[in-house]
Amino acid sequence: MLRNELGLSTLAAWGGEQQPHGYGAAQVPIVQSAPFAYPDVASWRAVIDGDAKGDIYSRNTNPTVAVFEEKCRLMEGGESAIAFASGMAAISNTLFAVLRAGDHVVSIKDAYGATSRIFMELLEPMGVTVTLVSTDDADALEAAVRAGCRLVYVETPTNPTLKVIDLHRMAAAARSVGALLMVDNTFASPINTRPIALGADLVVHSATKFLGGHDDAIGGVLVGRRDLVDTVYRYREITGAALAPFAAYLLLRGMKTLALRVERQNATALAVAQHLERDPRVAAVFYPGLASHPSHHVAAKQMSGFGGVLSFEMVGGEAAAIRLLDALKLVHRAASLGSVNTLAGLPGMTSHVEVTPQDRAALGIPEALIRYSCGIEDATDLIDDLDRALASLD
Ligand code: PLP
């Protein structure tokens, strides 16, 4: 068992990986089996009764998935972790398992679109009331929490304008009314923000993004207080949104380079953001590493790096944004983020596809905004690509 005092790069490589694995394998084997077989009924029964270690059925536990869970647990510094088939499965299972009719939730208006829809379309009809507060107004958010609630749900940095929530402040407010603080740490990754150390009870990820980092697997994970994770585990055991062993293997393989990738992506995003901020064809750049960003002060205090994602608004409206996107050569025009390859898209086609243009405007998301998720390419090549594409608009 590796100790938490090890650095995050070491945990990325070694965390959760007992040596040697089965068959003496140096790397985590993909245990691609639905059930687990026993030589006799007594040894099977011992595992069911918890008297011996083992697995029964991969909807419940699986050795490859268990290594992924343990690596995530160590990197986030939590008591326990469980993996899910997707980030949305992690978020929805946790909310459904923890909340009860009559509970009140406080969250932000800028949460990922599908998460906001869980609050409004699924939880409210079940008797859970939800207040969504403007993400820009930290005082209003704190006041809503202090007015009383069962759960505070935040995402930081937010999608797509990268607002950063002061987690230390939120945790204090949540604690003062006996509420839980749940944080979606997808955009930051544990390399840039460790919410549990700042007072969060639960941390979720779309592991599809930075954790996996290669755009080849969908997955999610919940890390946090053991009693809460146990409750969510029982819910997932029944409802079945377990992570598949092959996806767990891909995510684990990706996670080994998490620290290296994120450090590069942090540096590249800052360089790209600073470069674009000087370009007259760009109306505004949103990146918490820029002194001009409204969250810069909180980000500088809370984050070890400012993240690999930025967004920028084009002069010339949505048409100019589309022309720029089409002119870029070193991007995938695609809906995800956090990959080794740079990805770019319009919020109206990605994170906020289900939101009307009016509601996007109310959220401060211009139609001419491009979300740009830096990969691990040479920053100079990305900047050259952007310059060439910008010049083609003249
Ligand atoms: N949380 C955030 C911040 C996201 O950006 C996403 C997806 O883009 C999700 C959750 C959902 O994750 P998944 O697509 O793995 O279900």
- prompt: Using Cα-only point scatterers and the Debye equation, what is log10 of I(q)/I(0) for region 162-310 at each q in 0.09, 0.13, 0.15, 0.21 Å⁻¹, rounded to two decimals?
  reply: -0.34, -0.68, -0.87, -1.29
query: What does the convex hull of the Cα atoms of region 19-83 come to per residue, in Å³, rounded to a whole number?
result: 109
- line: Charge tally for neighbours of A90 with beta carbon under 11 Å away, counting Lys, Arg as +1 and Asp, Glu as -1, is 0
message: Quick check on the chain: helices-only [θ] at 222 nm, where DSSP H runs of length 4 and up contribute -39,500 (n - 2.57) each and the sum goes over total residues. Nearest 500, please.
response: -11500 deg cm²/dmol
- request: Give me D385, D49 ranked fewest to most by other Cβ atoms within 10 Å of their Cβ, as a rough exposure proxy.
  value: D49, D385
- request: Would you mind working out the magnitude of the charge dipole of the chain relative to its Cα centre, with +1 at each Lys and Arg C-beta and -1 at each Asp and Glu C-beta, to the nearest 20 Debye?
  value: 540
message: As I understand it, the dipole of the chain uses +1 on the Cβ of Lys and Arg and -1 on the Cβ of Asp and Glu, about the Cα centre. Which of H293, A271, F119 lies farthest toward its positive end?
response: F119
statement: The answer for V130, listing residues at least 5 apart or on another chain whose modeled amide H is closer than 5 Å to its amide H, is V105
field: S304 paired with A197, simple spin-label distance in nm, labels 7 Å along Cα-to-beta-carbon
entry: 0.6
message: Give me a comma-separated list of calculated 3J(HN,Hα) values for region 288-294, in order, Karplus coefficients 6.51, -1.76, 1.60 applied at θ = phi - 60°, integers in Hz, x for any Gly or Pro.
response: x, x, 8, 4, 6, 6, x
field: Size of charge dipole - region 169-245 - debye, nearest 20, with Cβ of Lys, Arg +1 and Asp, Glu -1, no other charges
entry: 300
- prompt: Rounded to the nearest 20 Debye, what is the dipole magnitude of region 239-289 about its Cα centre when Lys and Arg each give +1 and Asp and Glu each give -1 at the C-beta?
  reply: 180
Per-residue ³J(HN,Hα) for region 6-20, Karplus 6.51 cos²θ - 1.76 cosθ + 1.60, θ = phi - 60°, Hz, x for Gly and Pro: 5, x, 5, 5, 5, 5, 4, 7, 10, x, x, 9, 5, 10, x
statement: Highest mean packing first, using Cβ neighbours within 10 angstrom, the peptides 276-289, 315-328 sort as 276-289, 315-328
Normalised alpha carbon radius of gyration of region 258-394 [divisor 2.2 N^0.38 Å]: 0.99
statement: Taking the alpha-carbon centre of each part, the distance from region 153-227 to region 264-337 in Å is 21
task: Starting from the amide H of A283, placed 1.01 Å from N in the peptide plane, find each other amide H under 5 Å away whose residue is 5 or more places distant or on another chain.
output: E313, M314, V315
message: Only counting other Cβ atoms within 10 Å, I'd like S107, S134, S86, S292 sorted with the fewest neighbours first.
response: S292, S134, S86, S107
statement: With Cα coordinates, the longest principal axis of the chain makes an angle with the long axis of helix 87-98, in degrees rounded to 10, of 60
- line: Karplus-derived 3J(HN,Hα) from phi for region 79-85 (6.51 cos²θ - 1.76 cosθ + 1.60, θ = phi - 60°), whole Hz, x at Gly and Pro, runs 7, 7, 8, 9, 9, 9, 5
task: Determine the relative contact order of the chain: mean sequence separation of Cα pairs under 8 Å and six or more apart, normalised by residue count, in whole percent.
output: 16
task: DSSP loop (so not H, G, I, E, B), at most 11 other Cβ within 10 Å: list which trypsin sites (Lys or Arg not before Pro) in region 63-104 pass both filters.
output: R100
- prompt: Quick one: in the chain, what % of C-alpha pairs are over 26 Å apart?
  reply: 53
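Bear in mind these aren't lab numbers, they're just calculated from the coordinates by the rules spelled out. Note that this is a predicted model, so its numbers are computed, not measured. All Cβ positions, glycine included, derive from the backbone under ideal geometry; neighbour counts span all protein chains shown.
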